[in-house]
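To keep things clear, I will list the structure first and then write my remarks on it.
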């Protein structure tokens, strides 16, 4: 089966006109979840990834499993104020306002090869901020992995323009 078969679409959520791509149905199905992790593992097995950086929150679900499969460490990329030790942070714009994510300053060593993982690419702001954090720690982002890309929102194009290799398991048109 295709990854798209495991993703539920909910119309008019969180507001009218939006088709929300709900990945909880994929995470809830052992075959669907295994399919996603297997496809990611196959795509990145030869890249010598030292760490997988998972973006809060659904990037944690994928990132932990993928780090295990790749024999890599896991780095949580968290919302501001959630990490206990010294951090660096990056802010980015949202449709209405801004947000900030952070990582521990000791989570990487200069030159480490990092795979950044999130569930979905929309406008790309969060993903780009995560990549910038890896760069600030002098690591190399080998790719950004996501289950879903919404290319009409421009995020994957924005990431590619910044030199990031984007790998999504499926795409959906629209918002």
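Taken together, the values in this text are just the output of simple stated rules run on the coordinates, not laboratory data. Please read these numbers as outputs of a predicted model, since none were measured by experiment. Please note: Cβ atoms are built from the backbone with ideal geometry, for glycine as well, and neighbour counts cover all protein chains shown.
Each 5 Å bin from zero up to the one holding the largest Cα-Cα distance in the stretch 26-80 carries the following percent of pairs: 4, 22, 28, 25, 15, 5, 1.
Stretching the chain fully between residue 89 and residue 69 yields a gain of 4.4 nm (0.36 nm per residue, less the alpha carbon separation).
With contacts taken as Cα pairs under 8 Å at a separation of at least 6 residues, the stretch 10-110 carries a relative contact order of 17 percent. Look at 92, 6, 68 and count the other Cβ atoms within 10 Å of each Cβ; fewest to most, that gives 68, 92, 6. The label-point distance for residue 12 and residue 171, in a model that sets each label 7 Å from Cα toward Cβ, rounds to 2.9 nm.
If both residues of a DSSP beta bridge must be in the chain, then about 40% of such bridges are antiparallel.
Taking one quarter of the surface of the C-alpha convex hull of the stretch 69-147 gives a mean projected area of 5.5 nm².
Each stretch of four or more DSSP H residues adds -39500 (n - 2.57); spread over every residue of the chain, this sum gives -8500 deg cm²/dmol at 222 nm. Using only Cα coordinates, the Kirkwood hydrodynamic radius of the stretch 44-108 works out to 12.7 Å. How high is the relative contact order of the chain, given as a whole-number percent (alpha carbon pairs under 8 Å, six or more residues apart)? Contact order relative to length: 18 percent. Residue separation of residue 161 and residue 98 scaled by 0.36 nm, minus their Cα-Cα distance, works out to 20.5 nm of gained length.
How many percent of the alpha carbon pairs in the stretch 35-175 exceed a separation of 21 Å? Across the stretch 35-175, Cα pairs with separations above 21 Å total 36 percent.
Here the simple spin-label model places points 7 Å from the Cα toward Cβ, and for residue 109 and residue 140 these points are separated by 1.5 nm.
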